[in-house]
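Notes follow the structure.
The values are calculated or read from the model by the stated rules, or taken from the named source; none is laboratory data. Just so you know, these numbers come straight off a predicted model, no measurement behind them. Reconstructed Cβ throughout: ideal geometry from the backbone, glycine too, with neighbour counts over all protein chains shown.
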Amino acid sequence: MSTLRQQVLHSETLDVFELQYVRHKMCALRFAEVCGRGEVGLPEQLNVHFNQYLADEFDVHSDQFMQWRTQVLEDVGTVLAGRKPDIVGYLHTGEHDQLHDSDGERGVDDEPGSVTRYATVCEHAAGLSWRNQHHDLCCRKSYPIQIDTGSTVLTTLSLQGNGCAYWYISPGLNAGTYSITSVYSGDSNNPRGTSAPTVLTVSPVPVNMSASCWNASFPYGANYQCTVNVSSNAGSAQGNITYSYDSGAPVAVPLSGGSAQFTITEPPVGTQNVVIGYAQQTNYAAAQPQTENFTVTSAAVQVSLAPSTWYATVGTNITFSAAVASWSAGPPQNGSVSFYDGSTLLSTVPVNSSGQGSYTTSSLPAGSQTITAAYSGGANYASGSTGVTITLAQ
């Protein structure tokens, strides 16, 4: 056992200087053991603190003080190197209740108990604020700091040598308002503590919405199609886009990888529009609505006409069959076909579901007769006509 430890354990007549020596040494070593291993400049920090405090009580230039300071810093260096001198073992045994003031009576700072009492010894004897300077220097680095919202733990961090923990928020928080607090778990020398809350508002990330639609003008019978992309600096947006066709109710379309497609099937003839929107969803801000205008023109038609015979005698029943077709929309299912002999209207008949209509007559005069079939009246279809010439003999 070292001479110093024997003196602490068995002497009740320590003089004032020796008492301060023991207190300062215990505080310095405890400081070094708890938080100083590997800490650059710790002996120098302690040296400054002790010199400043003891200048009012001792001649800091005296041989006795210089010897004391050298001893303390040597023992601190021992602790920093990972070893424990006797005095550190003394701190951990609980034997500190043998320490007395120079008058032989137990002092207020000398009550038995846990080593937490030496935080107070440090504050009074060494001029160190264990709870403040000590933390600011390094002490908390070995203990975790918990950052939470009061109900949800966001992360747990280890303190760095400057007593600070730095959190780069990752993964990112969801959009919303948070009351963030940091909670220090405490250690044997420092109680648990909770910071004042900091209000953090996470705004939804702005988004960019673009639409590519086909086509600005097209004939009836085709579909109108759009591909919508919604992107942001935080990646592809999530949720749904909506589109409203000609002021109709919005229709939701889910995004997949930030993209959505929709189709308006065979929009009717006319000038129309689609309003595309993206409302704020999850962590993504709303996009500015976009309006896409387009025009649907009437479907062009091809009319064909076939007589039941090209040559006949007067009075013979002849049937004229007309068929209406469209390359963009197929045959019309509405409208009618009018049959003419020259400029004379012979008959008007509706087309069937296949776009066909026919006319039968036996009253055509002798000679060459040009019969015309004219289609009209079909919604979304253009008009069209064609003619044939037949010959009737007497």
Q) Is it the case that some residue within segment 211-222 is farther than 15 Å from GLN290 by Cα, surrounded by fewer than 16 Cβ atoms within 10 Å (Cβ to Cβ) and either assigned by TED's automatic domain parsing to the domain that holds SER383 or of a type in the set (Asp, Glu) (or both)? A) no
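Please tell me if ILE276 is buried (at least 16 other Cβ atoms within 10 Å of the Cβ) and closer than 30 Å to ALA325 by Cβ.
Numbers: buried (at least 16 other Cβ atoms within 10 Å of the Cβ): yes; closer than 30 Å to ALA325 by Cβ: no.
So ILE276 does not fit the description; no.
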Q) In segment 168-199, how many are within 29 Å of LEU255 (Cα to Cα) and without any contact (Cβ under 8 Å) to a residue 60 or more places away in the chain? A) 7
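Might you check whether a residue that is without any contact (Cβ under 8 Å) to a residue 24 or more places away in the chain and either in a strand (DSSP E or B) or in contact with a strand residue (DSSP E or B) (Cβ under 7 Å, 6 or more places away or on another chain) (or both) occurs anywhere in segment 310-325? So that I can check it myself, show each step before the final result.
Our first condition is that a residue be without any contact (Cβ under 8 Å) to a residue 24 or more places away in the chain; within segment 310-325, this holds for none.
No, there is no match, as no residue in segment 310-325 is without any contact (Cβ under 8 Å) to a residue 24 or more places away in the chain and either in a strand (DSSP E or B) or in contact with a strand residue (DSSP E or B) (Cβ under 7 Å, 6 or more places away or on another chain) (or both).
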Q: Of the numbered conditions (1) modelled with pLDDT of 95 or more; (2) in a loop (DSSP other than H, G, I, E, B); (3) farther than 17 Å from VAL388 by Cβ, GLN333 fails exactly one; give the number of that condition.
A: (1)
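With the requirement that a residue be among the polar types (S, T, N, Q), in contact with a Pro (Cβ under 8 Å, 6 or more places away or on another chain) and assigned to a loop (DSSP other than H, G, I, E, B), what does segment 166-192 give you?
SER185
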